[in-house]
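The values are calculated or read from the model by the stated rules, or taken from the named source; none is laboratory data. Please read all numbers here as calculations on a predicted model, not as lab measurements. Every residue, glycine among them, receives a Cβ derived from its backbone with ideal geometry; neighbour counts consider all protein chains shown. The area values use the complete protein model at the heavy-atom level, side chains included, leaving out ligands, DNA and RNA. Shrake-Rupley method; radii C 1.70, N 1.55, O 1.52, S 1.80 Å.
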Amino acid sequence: MITELSKKDLLLENLTHLDFSNEPDFSKQLRSNAKSNVQQLDLPTSKTEYWKYTRLGKITNKRFTTPTTPSTEKIDVSTFKIPNLDANIVVLENGFYRADLSQIETQEGFRVLSLREAILNNDGFIKDHLGGIAKAEKELFVALNTMNFTDGVYFDLDKKVVAKKPTHIINIITQDGIFTNTRVIVKAHDFSSVKIIESFVNIGGENSFTNNVSEFFLNPNSQIEYNKIQNKSKESYHISTEQAYQRANSNFTINTATFNGALVRNNLNIEVNASNCETNLNGLYLGRNNDHIDNHTVVDHMKSHCNSNEVYKGILDDNSTGVFNGKVFVRQDAQITNAFQQNNTILLSDNAVSNSKPELEIYADDVKCSHGSTTGQIDEEAIFYLQTRGISKKSAINLMVNAFAKDALAKITIEPLTEYINTKIEERFTK
């Protein structure tokens, strides 16, 4: 019988050969500290409240390998681009930044570069802030990433800089059975603004495991819109952690669309540590076969006069499982806070399962907070009505699904991306 300790060792055994000896001392120390955290932290089980509905056996019972150097193989990433979108393109392949496949337009005050390059150059911000809000001592998979991330992307915006175009990170897996750790750091200085899309995809790459961590630092009056598209194969595994820290008058929006994955876990943790901030978390997840899709969110309101909105919509078919656990803290100093949570799920199969747990923990008295959750089946009478008007059943279901999903896409401000996601939904329900 495999013990919990040996399961963790299975994840670690093919990471020990990674060589970070040429990195500066601050990075080596960060990795060393994370290694100590990994040794101390337990692998989550169903008895761990934060992981109550998600069992990791699909990942922990497998053996993975980890690439040690970037590939030089020419690959075609054009099929993963968003149609009609003018964007900077950044390619991460099997955990490494591919400068030869990336296309970044030069803009004064706006830098997009390899995270490993920024570390090797002793970038002052990276030196002071890498791992600053995504704490390795608190969560095993953050610790694993901090100890072993091979590369990633660093965004650096100077004061009052507005990125001219979105940046699309194509995080691609091309090898079977690999375990990759990538990281994204975004520094948005005062009054700056940037829009980012990160899509997780694969060519081949079956039975692969991606563990991604992103840290977003929002200075006063800055804006970040981060759009995450998870569209890997049904035999892929993905744990993603997004950590954001908001200062006064900042606006952070994260939109997550999940279309496939044997096991997908999204951890979103937002610290709202100043007044007049807005936070938007939106998600759409489509499960089928034996997919397991878990969205966990925490929004921590620490100061007054802030708003947060969460809308998550799930559509589950076959034997798939969906999980939503959203928690909002309203601290004693966070008076005049508005916090809203909503999770709605449609079950297209009698065997599909939805677990929903929206939570509020309020220590202030002058607030407006609400949460809600519904789970049900698609309205057969509405489908029949549309059929009587000459619409096929598949098209009728597609219309109903698109109408249901609309709220989850409302905060996306990149029109070609909205059209792309709508097309993906249509493909799913008209085939």
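Things to note:
- Of the residues screened, Phe96 is one that is open to solvent by less than 80 Å² (accessible area, probe 1.4 Å) and modelled with pLDDT of 95 or more.
- Checked against the criteria, Thr45 counts as polar (S, T, N, Q) and open to solvent by less than 70 Å² (accessible area, probe 1.4 Å).
- Test: Asp294 is among the charged types (D, E, K, R) and either under 22 Å from Asn422 (Cβ atoms) or not in a strand (DSSP E or B) (or both): no
- Residues of segment 126-170 that turn out to be within 20 Å of Lys187 (Cα to Cα) and assigned to a helix (DSSP H, G or I), as a count: 7
- Taking segment 39-58 as the range and being outside any loop (DSSP other than H, G, I, E, B) and closer than 30 Å to Asn22 by Cβ as the test, the residues that pass are Gln39, Gln40.
- The residue pairs whose first member lies in segment 1-15 and is in a loop (DSSP other than H, G, I, E, B) and modelled with pLDDT under 75, whose second member is open to solvent by 40 Å² or more (accessible area, probe 1.4 Å) and among the basic types (Lys, Arg), and whose beta carbons are closer than 8 Å, counting only pairs six or more residues apart or on different chains, are Asn14/Arg63.
- All of (1) open to solvent by less than 50 Å² (accessible area, probe 1.4 Å); (2) more than 27 Å from the chain's Cα centre (by Cα); (3) modelled with pLDDT of 90 or more; (4) not basic (Lys, Arg) hold for Asp25 with one exception: (1).
- Within segment 232-261, the set of residues being open to solvent by 10 Å² or more (accessible area, probe 1.4 Å), part of a strand (DSSP E or B) and of a type in the set (Asp, Glu) is empty.
- Boolean, Asn221 is open to solvent by 20 Å² or more (accessible area, probe 1.4 Å), touching a residue at least 12 places away in the same chain (Cβ under 8 Å) and either of a type in the set (Phe, Trp, Tyr) or outside any helix (DSSP H, G or I) (or both): yes
- Selection status of Thr79, within 30 Å of Pro416 (Cβ to Cβ) and polar (S, T, N, Q): yes
- Residues (touching a residue at least 40 places away in the same chain (Cβ under 8 Å) and of a type in the set (Gly, Ala, Ser)) located in segment 307-329: Gly314, Gly326
- Odd one out for Lys424 among (1) open to solvent by 40 Å² or more (accessible area, probe 1.4 Å); (2) in contact with a Lys or Arg (Cβ under 7 Å, 6 or more places away or on another chain): (2)
- Members of segment 316-326 found to be at pLDDT 95 or above and either surrounded by fewer than 23 Cβ atoms within 10 Å (Cβ to Cβ) or in contact with a helix residue (DSSP H, G or I) (Cβ under 9 Å, 6 or more places away or on another chain) (or both), listed by number: Asn319, Thr321, Asn325
- Residue in segment 330-341 that is in contact (Cβ under 8 Å) with a residue 40 or more places away in the chain, within 17 Å of Gly287 (Cβ to Cβ) and surrounded by 15 or more Cβ atoms within 10 Å (Cβ to Cβ) present: no
- If you go through segment 175-218 and pick out every residue that is open to solvent by 10 Å² or more (accessible area, probe 1.4 Å), part of a loop (DSSP other than H, G, I, E, B), over 14 Å from Phe64 (Cα atoms) and in contact with a strand residue (DSSP E or B) (Cβ under 7 Å, 6 or more places away or on another chain), you end up with 2.
- In segment 160-177, the residues that are touching a residue at least 60 places away in the same chain (Cβ under 8 Å) form no Cβ pair under 6 Å with any partner that is open to solvent by 40 Å² or more (accessible area, probe 1.4 Å) and of a type in the set (Phe, Trp, Tyr), whether six or more places apart or across chains.
- For segment 28-69, filtered to residues that are within 24 Å of the chain's Cα centre (by Cα) and small (Gly, Ala, Ser), the residue that is farthest from Asn295 (Cα to Cα) is Ala34.
- Per the conditions (1) part of a helix (DSSP H, G or I); (2) over 21 Å from the mean Cα position of the chain (by Cα); (3) β-branched (Val, Ile, Thr), the sole criterion not satisfied by Thr72 is (1).
- Looking only at segment 101-148, residues that are open to solvent by 60 Å² or more (accessible area, probe 1.4 Å) and closer than 30 Å to Leu43 by Cβ come to 4 in all.
- Every residue from segment 152-161 that is touching a helix residue (DSSP H, G or I) at 6+ places or on another chain (Cβ under 8 Å) and open to solvent by less than 10 Å² (accessible area, probe 1.4 Å): Gly152, Val153, Tyr154
- Residue in segment 405-413 that is over 23 Å from Glu310 (Cβ atoms), touching an Asp or Glu at 6+ places or on another chain (Cβ under 9 Å) and open to solvent by less than 40 Å² (accessible area, probe 1.4 Å) present: no
- Test: residue in segment 297-305 that is without any contact (Cβ under 8 Å) to a residue 40 or more places away in the chain, among the hydrophobic types (A, V, I, L, M, F, W, C), farther than 16 Å from Val401 by Cβ and outside any strand (DSSP E or B): yes
- Filter result for Asn282 (buried (at least 19 other Cβ atoms within 10 Å of the Cβ), within 24 Å of Glu49 (Cβ to Cβ) and among the polar types (S, T, N, Q)): no
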